[in-house]
Amino acid sequence: MTIRYQPEYFPGYDHLEIQVIAPERNAPLPITDNGYRSHFLRPGEIDEAGGLVAYVRRWLEEAARQPQWRIVRARWRQLSLF
């Protein structure tokens, strides 16, 4: 996955983009069903989390504990004729 971070994207907001690049561009993640997520956050959140990688990792781990993620992941892994 790629992670792009732009502090001060708008006044008072930083911007984070996360995109799956492998195995498939549209592979789901616990934070997005289509492999792409654009997220605005307040300045300082990344630093408070211990850096960019720590922030994204914690976000993914927390979202992966949700029951909905198990359903999305199972559907994506299941072959379909539709």
Checklist outcome for this item: Here the residues within region 24-44 that are among the charged types (D, E, K, R), touching a strand residue (DSSP E or B) at 6+ places or on another chain (Cβ under 8 Å) and surrounded by 13 or more Cβ atoms within 10 Å (Cβ to Cβ) are ARG37
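Go through ARG42, ARG70 for me and flag whichever is out of contact with any His (no Cβ under 9 Å at 6 or more places or on another chain), touching a residue at least 12 places away in the same chain (Cβ under 8 Å) and not acidic (Asp, Glu).
ARG42
Residues are listed down the side, and each one gets a yes or a no for (1) at pLDDT 90 or above; (2) on the phi > 0 side of the Ramachandran plot:
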position: PHE10; (1), (2): yes, no
position: ASP14; (1), (2): yes, no
position: GLU17; (1), (2): yes, no
position: TYR36; (1), (2): yes, no
position: GLY44; (1), (2): yes, yes
position: LEU60; (1), (2): yes, no
position: LEU81; (1), (2): no, no
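The values are calculated or read from the model by the stated rules, or taken from the named source; none is laboratory data. What you see is a predicted model, and the numbers here were worked out from it, not measured in a lab. Backbone-built Cβ (ideal geometry, glycine too); neighbour counts: all protein chains shown.
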